[in-house]
Each structure stands twice: as structure tokens, then as C-alpha cells.
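Working notes for the structure below.
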Amino acid sequence: MMKWKSFALAVFVAIGVAACLAQPAAQPGAKRTLVRAGHLLDVKSGKLLDSQTIVVVGETIQSIAPTAQVQAQPGDTVIDLGGMTVLPGLIDVHTHLTMNTDFDPYHELTSTDAKEAINGVVNAKTTLMAGFTSVRNVGAGGYTDVDLRDAVNSGQVPGPHMLVSGPAMGITGGHCDENLLPIQYHVIGDGVADGIAEVQHKVRQNIKYGADLIKICATGGVLSKGDDPQASQYTLEEMQAIVADAHRLGRKVAAHAHGAQGILWATEAGVDSIEHGSYIDDASIAAMKQRGTYLVPTLYLEDWMLEKGNLPAFYHQKMVDVSAVAKGNIKRAMQAGVKIALGTDAAVYPHGLNAHELDVYVNQLGMAPLAALQAATVNAADLMGWSAKTGSLEAGKWADIIAVDTNPLDDVRVLQNVKFVMKAGVVYKGQGAVQ
Ligand SMILES: [Zn+2]
């Protein structure tokens, strides 16, 4: 019996190996799409290859080879991106797709989960059309981002691949609470939890209702009333309890943190990424480097706010104070070699402008264009735990493909005008788009 099983297994493996070695013969019924790229940018090496063809079958890339070697067969769909530069879809690891740019306090108070869900449908599409084929959504009212993710995955609405956190966890009265109303209204933010037992419960509750990751507020924030961005909020012990439970249950932790104390504690507690990092100092830079913690700066929002922001007084002064120091501090962290993943905080400014963040990294902070592109692709995929699925154009990964007019390594601002978007083998923008 055992012998027969081993023999059968050996034959099965042999057939499998033979099939892999043979020319990529399409499976019966598997329709191929040939994406003819004038130039193809390898975001891992920075190499630009001319005349390449990406063969897409179903959701994934089957192979990539020089165009001269890939003949179209009957039944193939051919997409001609002859004059363009093709690269992997971009990734934003800090979005709020269910929220919109409006800081009128009454608007904030009259938001509902239903409104957030509707916002999410619109913003998911806008973000995808901007060339962002994956996002991490870090904070939403209720579990509206969970339902949005599921609607995108089922094909009900267009949008990027998503990992979602549900409500961001925070202390009573902190950045992630709702502090606009006096006590008689009894308003408490969805993610508020204090003390070890409560934070454990909240982590488990968020996971129960569909969170892919846990978002916490380690310090105060800018767009919240009565708190200080520089002051730590969760204690080291609370964050250790959060990380222990999240990691045990297979979820990463993203920590909103502006102040240096909170950045250091969150890092020591073992979070996977520090979001914003405005007051990052030498000690927190050293700790993040030592642990391999990602930094997710969100800097373009400061430029947008300066130009177009219309904030209530109790947010405005904090925005001015943080903006005065954040870029300088983040630049030091970048130069020190802290790992960077691209995030934007889209919703603080209108969705779809996500690629402006790369412009800030390169043209204001002096980051190399390839490093900035890697922050938005391979690094972001690594932080999301999706390195095997996306972040570069390679056989076996999702066919998440975008195209622009010129090489973004010459000028990253071309990424603000993406001409072609394919996500998981479906074209949403440019030649061959659905609808
Ligand atoms: Zn945010």
C-alpha cells in the first residue's frame, strides 16, 4: 500500500516537473493576455528592459520574456503599451478609504458607517485609477473597511487589494477617541480600550469582525481635539500586550506615533510599523533599525494642508507645529537607513493624489528615485506580508501592472499621471479597460 502510494507520488511529481519545464502551454480554457511593454522597469534592480512581454493568465503573471520570443496565439488578448514604461502597481500602506477630506467638526460628528461605506466605494476606485493596486487601510468607522475589502474581493466594486484594520485602537481621550462632545453625550470612539484586559479584548474583537491587522494610537495626533502629538498615549505594557496577542493571532501591528517616547515604546513593544514618526529622534531611529521596524512617513499631506487646508483652530496649530519639524526628522531617519514603506494618510487630502508622496521623498528629502519607488512597491509589499503576491513583476505574482509615459526614475512625478492600470489580470484604465 505504502509502496503504491510512493510510486504514484513519484509519477505525479515527475509529471509536474515535466509540465513546469515545458514551454508555458496554456491550460485548457486558460485565456492569455499579452501585455507588450515598450520598456519594463525592474523595481528591485532599477534596470530598464526594452520590448518585454508579460503573459497574464487569470489573476497572475505566467511569464515575462523579450517580445520577440512571445508570439501571440489564437485567442490571446494583446495590449500594446509600446511607447510606455511598465512597472508594478503601486502600494500605499496608510490610507483611510472610507473617509473624506472635511475637517468641519460637525461634519465629523454626523458621519455614519453607511456614509463611510459609500465613501469607500468611491475612493477605492479613485485610488485604483491612480495606479495604486494595493492598500493597507489603517482606521475606519466600525468595520466599514472590512465590508469594502470584501466587496472589492468579490468583484462587486472596483478597488485595490486591501488589508484592513477596522477601528483604530486608542486610550480614552486620545487621538483615536472622539473628543468633540461633552460628557453628557456619552460618545466613545469605536476603538477605545484601556488597560491590559481591555486591549486584549479589543484586539480579539477586531480580529473577530474581520481585521487583517491591528492599528493603534501610540501618541497623540494632529486632527483630534485636546491631545498632544508629542505625548505618548498607550503605555509600554499595554502595547506589549497588544503586540503579543496580535502576533499570536497572525496579525501585524501598525502604530500611529508622532512623539519620540511613543515611537520608542511602540518599537520596543514590537510593532511592525511606525506611522508618521514626526518627532523621531536618535534613540528611536536606533531602536527601529535594530528591530527592522518600518517607518511610514506621511508627508505630502503637510504641503497640501499648507496650500489648501481649512482646519479648525484646535487642529491648525498642531499641524503647523508638526510640519515645522517632521520632514527634517524623517530625512535623518531615511539617511540613517531606517526601512521606509510609502504611506499617505489619504483622506486627510483628496484620494487619488497618493503618488505625490514620492515627489516629497525624492525632491524635498533627497531620497534616491529607486529607493522611493521601492518604498512604494517591494518594501510596502514586505510590510503587508505580501512579498509573494505583489510589489514586483515576476511570474506567479498577481498581474498588478501600471504604465506611465516615461521612466519614473528620471522623474517620479510621472507617477502622478498613470495611463494604464491592471489589477489581478483585469484592466481598469487604458487599453482593454472593463466597462
Ligand atoms: Zn492615518
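Just so you know, in the range 344-380 the residues that are within 16 Å of the ligand (Cβ to nearest atom) and of a type in the set (D, E, K, R) include one that is farthest from A117 (Cα to Cα), and it is E357. Contact annotation: residue pairs with Cβ atoms under 7 Å, 6 or more positions apart or on different chains, pairing a residue in the range 341-364 that is touching a residue at least 24 places away in the same chain (Cβ under 8 Å) with a partner that is part of a loop (DSSP other than H, G, I, E, B) and of a type in the set (G, A, S), are L342/A376; G352/A130; N354/A130; A355/A130; A355/G131; L358/A376.
Restricting the range 159-209 to residues that are of a type in the set (A, V, I, L, M) and assigned to a loop (DSSP other than H, G, I, E, B), which is farthest from the ligand (Cβ to nearest atom)?
L181
Counting the residues of the range 127-147 that are under 15 Å from the mean Cα position of the chain (by Cα), within 16 Å of the ligand (Cβ to nearest atom) and within 22 Å of V253 (Cβ to Cβ) gives 7. Taking the numbered list (1) surrounded by fewer than 24 Cβ atoms within 10 Å (Cβ to Cβ); (2) among the hydrophobic types (A, V, I, L, M, F, W, C); (3) away from the ligand (no atom under 16 Å from the Cβ) in turn, A124 passes all entries but (1).
Looking at D212, D190, D194, D177, just one residue is farther than 26 Å from T101 by Cα, out of contact with any helix residue (DSSP H, G or I) (no Cβ under 7 Å at 6 or more places or on another chain) and touching a residue at least 12 places away in the same chain (Cβ under 8 Å), and that residue is D194. Scanning the range 319-343 for residues that are open to solvent by 30 Å² or more (accessible area, probe 1.4 Å), within 16 Å of the ligand (Cβ to nearest atom) and at pLDDT 95 or above gives no hits. When the residues of the range 288-318 are filtered to those that are more than 20 Å from the chain's Cα centre (by Cα) and buried (at least 20 other Cβ atoms within 10 Å of the Cβ), which remaining residue is farthest from G262 (Cα to Cα)? Checking each candidate, the answer is M305. The number of residues in the range 73-82 being assigned to a strand (DSSP E or B) and surrounded by 12 or more Cβ atoms within 10 Å (Cβ to Cβ) comes to 5. Just one of the listed residues (V43, V70, V56) is under 21 Å from the mean Cα position of the chain (by Cα) and open to solvent by less than 30 Å² (accessible area, probe 1.4 Å), and it is V43. Among the criteria (1) at negative phi; (2) in contact (Cβ under 8 Å) with a residue 12 or more places away in the chain; (3) away from the ligand (no atom under 16 Å from the Cβ), the one G58 does not fulfil is (1).
Restricting the range 140-158 to residues that are part of a loop (DSSP other than H, G, I, E, B) and at negative phi, the residue that is most open to solvent (accessible area, probe 1.4 Å) is Q156.
The values are calculated or read from the model by the stated rules, or taken from the named source; none is laboratory data. None of the values given here were measured: they were computed from a predicted structure. Heads up, the Cβs are rebuilt from the backbone with ideal geometry, glycines too, and the neighbour counts pull from every protein chain shown. Just the protein is used for accessible areas: all its heavy atoms, side chains included, with ligands, DNA and RNA removed. Shrake-Rupley method; radii C 1.70, N 1.55, O 1.52, S 1.80 Å.
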